[in-house]
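Engineer: Below you will find the structure I want to go over with you.
The values are calculated or read from the model by the stated rules, or taken from the named source; none is laboratory data. Computed from a predicted structure; not experimentally measured. Heads up, the Cβs are rebuilt from the backbone with ideal geometry, glycines too, and the neighbour counts pull from every protein chain shown.
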Amino acid sequence: MKILKVNMTEGKIDSMPVPEGKVLGGRGMIDHLMTEYGSATAHPLSPEALFVAAVGILGGTAAPNAHRISVGGKSPLTGGIKEANAGGIAAHKLGRLGIQAIMVDGTSDEWKVLKVDANGASLEPAGDVVGMKNYEACDKLRERYGDKVGIIIIGRAGEMKLCNSTVAITDPEGRPARHCARGGVGAIMGAKGLKAVVVDDKDGKLRKPVNEEAFKAAVKECAEAIRTGDFTEAFHTYGTPMFIDADNERGSLPTYNHRQGSFEDEKRLKVNANALQETNNARVGNTGCGHTCMPGCVIQCSPMFFDKDGNYVTSGFEYETICMLGPNLGVDDLDAIARMDRACDEYGLDTIETGCTIGVLNDAGLFEFGDAARAESLIEEIAQGTPLGRIVGSGTAHAAKVLGIDRVPAVKGQGIPAHAARTSKGWAIAYTSNPQGADHTAGVVLDEPLSKEGQVERGRQAQILMTAFDCTGLCMFTFLNEAFGILTSLINSLTGSNLSEDDYVQMGKDTLKQERAFNLKAGIGPEADRLPDWMRTEPLPPMNEAFDVPQEEVDDFWNF
Ligand code: SF4
């Protein structure tokens with residue numbers, strides 16, 4: 001496996017092998033390349049900064065649910081290291097071409113497309129796809145490069161180098177609906193002058209494991225474990241929108257700009273998983289659930305949404321999106337939320353950051369809760385690059401600063417996602433302590449969510465294991481992050497490594513600490529590892545809980 005090196009200033013493409021003796025992929029590969037070749041002090045949008053796309057350790061193989069792609073660099077939103085991952089078809093194709101990562105530096109004066117196939121890689125003029133919405137741009141790129149290619153692309157937000165900007169990945173139907181969403185990764189790619197990466201794996205092939213028989217057996221065991229997993233059926237049937245009711249029930253559904261932890265029943269029932277399914281059923285005769293985002297997914301959890309005429313609106317219509325653009329804005333209109341999700345996908349905007357930022361605008365008198373039309377128009381303003389649009393497109397913390405708001409739902413500059421910190425206290429340790437900023441996937445903890453006892457230890461273990469898991473390319477909905485036997489069997493038989501279960505866990509610890517070291521060099525120290533003060537003093541109804549894990553305990557997080 002190799003790492004493609006692309007210098008956009010000189011238009012030069014080179015490659016180097018993945019370092020021998022190291023097991024690197026996904027988040028770990030990004031951290032490795034940022035540490036070895038990146039600069040913690042460079043401006044995230046400067047030519048010296050790196051943009052990295054990395055396939056997981058298991059990407060491009062026959063392993064199930066294993067083809068998430070990580071992208072990252074130094075975040076313009078947080079100022080620290082950033083890794084954001086998504087499904088889609090690009091990682092599988094890159095793996096089939098023997099490419100573990102693409103590392104980009106420099107900057108091009110003209111927008112380029114990086115074309116990658118079995119014959120090599122080339123930089124080509126991006127042409128008329130610049131400025132287009134993502135869906136149309138992907139159609140055009142397929143006309144140009146063939147209908148089977150996988151596409152990694154930035155939208156208008158990335159072109160404008162906004163701090164809220166994503167990198168979109170096409171799904172098996174070619175839709176740019178899967179997004180490496182958080183931390184402004186689209187701006188990092190945009191600052192390189194790189195509009196898209198087009199991956200054609202026509203003459204590629206599945207990666208050949210070092211020990212084929214052992215790998216085949218590990219794949220079989222892995223697929224069976226996923227198929228019979230406790231949550232597989234629920235995820236397939238309802239997808240993540242099922243958490244609207246679950247989080248509402250435990251007072252952890254951010255509502256009205258994080259002012260409540262539940263939505264009024266008559267409103268919630270219009271935006272929950274049942275509402276989504278009934279709406280789709282009435283319009284197209286099926287629930288819209290059970291779609292897949294990548295090759296080889298055993299679960300198939302992605303929900304789609306259709307308009308009143310039965311036309312496709314969006315897919316990957318997830319809990320976080322529905323909550324942050326719905327209840328968090330007081331919006332109970334599923335059609336409007338789906339249109340906003342589609343608009344975010346078209347322009348390359350993070351739905352979590354967008355919903356969090358628009359919520360904050362309420363405190364500045366620029367948005368009324370429940371005004372879906374206003375929320376939609378604000379998203380259009382971002383795409384048009386109006387002054388207000390650019391402020392909103394700069395993310396929650398930046399917008400709050402410009403607008404003079406001190407009640408800011410963000411950690412390390414990144415908007416707090418859709419599991420309320422005050423009623424998910426273990427989960428909130430990931431928001432406070434993780435080098436990535438407030439991130440709902442960084443370390444899920446559900447045990448005793450209202451208790452302040454033992455949460456730092458729970459959060460620490462969850463983050464260590466999720467960091468290791470983010471290196472593999474596996475989807476977190478497999479719930480295999482503690483299946484050490486399966487994970488080490490897959491990795492060892494594929495790569496010829498000899499990882500013990502302890503080694504695997506150590507990979508998580510080392511990767512997390514590498515991120516911490518990068519952030520310290522970038523000037524982000526322990527003072528940034530905290531929730532906003534108002535979350536300690538403002539109880540969240542209806543549970544009326546404030547965050548009360550002592551800060552000294554939070555500060556002890558890194559003691560491992
Ligand atoms: S379970 Fe869902 S998110 Fe995970 S790989 Fe399958 S479709 Fe994608």
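Engineer: Taking segment 221-236 on its own, how many of its residues are in a loop (DSSP other than H, G, I, E, B) and farther than 15 Å from Asn481 by Cα?
Structural biologist: Result for segment 221-236: 1.
Engineer: Within segment 521-560, can you find the residues that are in contact (Cβ under 8 Å) with a residue 40 or more places away in the chain, in a helix (DSSP H, G or I) and not acidic (Asp, Glu)?
Structural biologist: Of everything in segment 521-560, those that are in contact (Cβ under 8 Å) with a residue 40 or more places away in the chain, in a helix (DSSP H, G or I) and not acidic (Asp, Glu) turn out to be Lys521, Ala528, Trp534, Met535, Val554, Phe557, Trp558.
Engineer: Let me ask something else. Quick check on segment 456-467. Is at least one of its residues surrounded by fewer than 24 Cβ atoms within 10 Å (Cβ to Cβ), at pLDDT 95 or above and under 21 Å from Leu329 (Cα atoms)?
Structural biologist: Scanning segment 456-467 turns up no residue that is surrounded by fewer than 24 Cβ atoms within 10 Å (Cβ to Cβ), at pLDDT 95 or above and under 21 Å from Leu329 (Cα atoms).
Engineer: I'd like the full set of residues that are away from the ligand (no atom under 16 Å from the Cβ), touching a Leu at 6+ places or on another chain (Cβ under 8 Å) and among the charged types (D, E, K, R), limited to segment 36-84.
Structural biologist: Within segment 36-84, Lys74 is the sole residue that qualifies.
Engineer: Considering segment 100-129 alone, what residues qualify as being of a type in the set (A, V, I, L, M, F, W, C) and either buried (at least 18 other Cβ atoms within 10 Å of the Cβ) or assigned to a strand (DSSP E or B) (or both)?
Structural biologist: Ala101, Ile102, Met103, Val104, Trp111, Val113, Leu114, Val116, Ala121, Leu123, Ala126, Val129 - these are the residues of segment 100-129 that are of a type in the set (A, V, I, L, M, F, W, C) and either buried (at least 18 other Cβ atoms within 10 Å of the Cβ) or assigned to a strand (DSSP E or B) (or both).
Engineer: Can you name the condition, by its number, that Ala218 falls short on among (1) of a type in the set (Gly, Ala, Ser); (2) assigned to a helix (DSSP H, G or I); (3) surrounded by fewer than 23 Cβ atoms within 10 Å (Cβ to Cβ)?
Structural biologist: Here Ala218 meets the rest and fails (3).
Engineer: Let me ask you something else. Among the residues of segment 477-490, write down those that are in a helix (DSSP H, G or I) and either touching a Cys at 6+ places or on another chain (Cβ under 9 Å) or within 16 Å of the ligand (Cβ to nearest atom) (or both).
Structural biologist: Passing the criteria: Phe477, Thr478, Ile486, Leu487, Ser489, Leu490.
Engineer: Can you spot a residue in segment 177-189 that is within 23 Å of the chain's Cα centre (by Cα), in a helix (DSSP H, G or I) and of a type in the set (Gly, Ala, Ser)?
Structural biologist: The answer is yes, given that some residue of segment 177-189 is within 23 Å of the chain's Cα centre (by Cα), in a helix (DSSP H, G or I) and of a type in the set (Gly, Ala, Ser).
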